[in-house]
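The block underneath contains the structure these notes are about, expressed in structure tokens.
Every read-out reported here was derived from the displayed coordinates using simple, explicitly stated rules and does not represent laboratory data. Please read all numbers here as calculations on a predicted model, not as lab measurements. Glycine also receives a Cβ, built like all others from the backbone with ideal geometry; neighbour counts cover every protein chain displayed.
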Amino acid sequence: MSTSKISLCLLLCLPFFTCINSDELQILLNLKTSLKDSKSSIFSSWVSNNHFCNFTGITCNSDSSFVQEIELSNRNLKGTLPFDSICQLQALHKLSLGFNSLYGEISKDLNNCVKLQYLDLGNNVFSGSFPEISSLNELQHLYLNLSGFSGVFPWMSLGNMTNLVSLSVGDNPFDPTPFPDQVVKLNKLNWLYLTNCSIDGQIPVEIGNLTELINLELSDNNISGEIPSEIGNLVKLWRLELYNNQLSGKLPVGLRNLTNLANFDASTNFLEGDLSEVRFLTNLVTLQLFKNQFSGEVPAELGKFKKLVNLSLYTNKLTGALPQELGSWAEFDFIDVSENLLTGPIPPDMCKRGTMRDLLMLQNKFTGEIPATYANCLTLQRFRVSNNSLKGTVPAGIWGLPEVNIIDIALNQIEGPITKDIENAKALNLLFAEYNRLSGELPEEISKATSLVVIKLNNNQLTGKIPASIY
């Protein structure tokens, strides 16, 4: 090359490397134009006299010649995406635009972003179907959840994405489909979110091949049949959510292998049998199996679970007594075992750490007295033990809990007075104590429970006048 030609090239390239990156600059400015309705200040740096590698949300390669990442998630963006232009960014490997208000359809030009490893379009308001993306075989993370996509999802495209680690396409009204075969072949997956995306049929036994999974969410679909025992191969699982499907049968024997499981929710299905498999899941933080047909006793081992803070087993056919140490180890927050056939006393130490909000144990066969320990549970918001066989008096302090908004002790054999400390129940909206053996006069101090809306005290042995202040 002659000296004159070299000099000419240098003159063209020196100002901001124009001969190398003018196309990249123009593509980003086109994107800015497409998002002109955004209520965001991030584009103040997106001007032609600023090197595009200094644009907010942009990361370039080491010599600042090519855009590698566009990170504009949760930036109040509004507009459409010009993929015919975006996919001309030849080194782009990350495009993160989640949690915005982007709309319109996604064009098939997305399939030209062949270097993408990370694509997040989740939590937007797009329309139409999602295009075929089989050319994106370098993808490792794909997030499309809650974005308004509909129609037929291109499950076949996933067949080429053998390096996929995260797949999140839930909460979109896709056309119904059986569990996609392509998904269970992605053996590098550690995050799978297919909640509420119109999957029907059964969970394939090949789900057991996804041994890297730490998160598996298949809820709010129309999945039927039994939970396959092969799910026990997923020993790294931390979260397993299967709620609101049509699942039947027993909890599989392999479930006991999931000893890392912290969150298990299989509520609102047609599952049956006992809970014996659960006794091995000692790292559980939340366990939700409500609205099924489970029977037998609650395993005694649950009383030793040192991380459990949320237990919801209501509307089943469970029998026997609850473990008396239940909830005493961790910062227990919530229990709902209502509408079962449980017997024995109420465990006394579920608010031992002073963090409990909800104690819901109505419609069972519990006996004994209300434990006095709950009079010190200052965080309690809902206290519901109605329709049991409880006796004795309400412990001093429970009437006046400062955060409680419902006290429901109806349909028991509870006796004694409503005490004056009810004046401290400033948050109390609902008081249900009918069909008991309460006695004495209704204290004048009840008028200071200023949030009270409904009081039911019929069929007791109360005497005296109703305080005029609560008329």
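For the reader, a short list of remarks on this structure follows.
- Sparse packing (at most 10 other Cβ atoms within 10 Å of the Cβ) combined with a DSSP loop state is found for the following trypsin sites (Lys or Arg not before Pro) in region 296-348: Lys306.
- Charge dipole (debye, nearest 20) of the chain; +1 at Cβ of Lys and Arg, -1 at Cβ of Asp and Glu: 720
- With 0.36 nm allotted per residue and the present C-alpha distance subtracted, the Thr162-Ser65 stretch has 32.0 nm of extension available.
- Region 339-369 versus region 94-162: alpha-carbon centroid distance in Å: 47
- Contour minus Cα-Cα distance for Glu403 and Asn54 (0.36 nm per residue): 120.5 nm
- Estimated FRET transfer efficiency (Val235, Lys108; beta-carbon r; R0 35 Å; 0.05): 0.30
- With a Förster radius of 22 Å applied to the beta-carbon distance between Glu297 and Arg256, the computed FRET efficiency rounds to 0.80.
- Given charges at beta-carbon only (K, R positive; D, E negative), |dipole| of region 17-175 in Debye: 360
- Positive dipole terminus of region 311-471, leading residue within Val404, Asn424, Ser439 (C-beta point charges): Ser439
- Positive-pole candidate from Leu89, Asn54, Val114, dipole of region 17-175, charges at beta carbon: Asn54
- The GluC sites (Glu not before Pro) of region 213-268 include none that DSSP puts in a loop with a beta carbon having at most 11 other beta carbons within 10 Å.
- Two-site FRET efficiency, Asn283 against Ser40, from Cβ-Cβ distance with R₀ of 41 Å, rounded to 0.05: 0.50
- Gain on full extension, evaluated as 0.36 nm per residue between Asn429 and Ile470 minus their Cα-Cα distance, stands at 13.5 nm.
- Shape of region 248-355 from the C-alpha gyration tensor: oblate (a/c of 1.5 or more and a/b not above b/c, with a ≥ b ≥ c the square roots of its eigenvalues).
- Among the trypsin sites (Lys or Arg not before Pro) within region 403-471, those in coil by DSSP and having at most 16 neighbouring Cβ atoms inside 10 Å are Lys426, Lys465.
- Calculated diffusion of region 311-471, Stokes-Einstein form, Kirkwood radius summed over Cα pairs, 10 °C and 1.306 mPa s, µm²/s: 101
- Exceeding the 29 Å Cα-Cα cut-off - candidates Lys365/Lys426; Lys365/Lys465; Lys250/Lys365: Lys365/Lys426; Lys365/Lys465
- For region 21-38, 3J(HN,Hα) computed residue by residue from phi via the Karplus equation (6.51, -1.76, 1.60; θ = phi - 60°) reads 10, 4, 5, 4, 4, 5, 4, 5, 5, 5, 4, 4, 4, 5, 10, 5, 7, 5 Hz, glycine and proline entered as x.
- Partner lysines for Lys306 [C-alpha distance under 17 Å; skip if fewer than 8 residues away on the same chain]: Lys352
- Across the chain, Cα-Cα pairs more than 45 Å apart make up 35 percent of the total.
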